[in-house]
Amino acid sequence: MAKFEARTSTGPGRVTVTLSGECDLSAREHLTAVLLDALSRADAVFVDVAPLTFLDSSGVHSLITAHHAAKNTGARVYVVGATGPVEAVLDLTGVGDLLRAPAADATAVEERRHV
């Protein structure tokens, strides 16, 4: 199994959480903690899943948990960079649409990835 990693970076009014490796049951608690911590530091949390190779229902659960926590405080969680099997899981569950970032914000996250 590929190692799971969640790295955070901050920008004006936002935190970006970049996920890599495989996000499964063994990563769920760690991911939830990282996302909730990011929400405690910013009203907008962008979850960059481009480097993620696998996402199952446990990772989806963490994203939804963070979404509900954000909604309770007026914050937002967005998912950006989904492709392949990760995008398929997000689309199949409806989470892709629920957490879709505005186009300009998604582009900004992608541009920072290539810097």
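The values are calculated or read from the model by the stated rules, or taken from the named source; none is laboratory data. None of these values were measured; they are calculated from a predicted model. Cβ coordinates were reconstructed from backbone atoms using ideal geometry, including for glycine residues, and neighbour counts include every protein chain displayed.
Residue by residue, here is whether (1) in contact with a Pro (Cβ under 9 Å, 6 or more places away or on another chain); (2) of a type in the set (Phe, Trp, Tyr) holds:
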residue	(1), (2)
43	no, no
46	no, yes
56	no, no
59	no, no
62	no, no
66	no, no
69	no, no
78	yes, yes
Only residues in the range 33-50 that are closer than 13 Å to residue 67 by Cα count as the first member; pair them with residues that are among the basic types (Lys, Arg) and surrounded by fewer than 22 Cβ atoms within 10 Å (Cβ to Cβ), Cβ under 6 angstrom, at least 6 apart or cross-chain, and list the lot. 44/14; 44/76
Number of the exception - residue 24 against (1) on the phi > 0 side of the Ramachandran plot; (2) surrounded by fewer than 19 Cβ atoms within 10 Å (Cβ to Cβ): (1)
Those residues of the range 71-115 that are of a type in the set (A, V, I, L, M) and modelled with pLDDT of 95 or more come to a total of 13
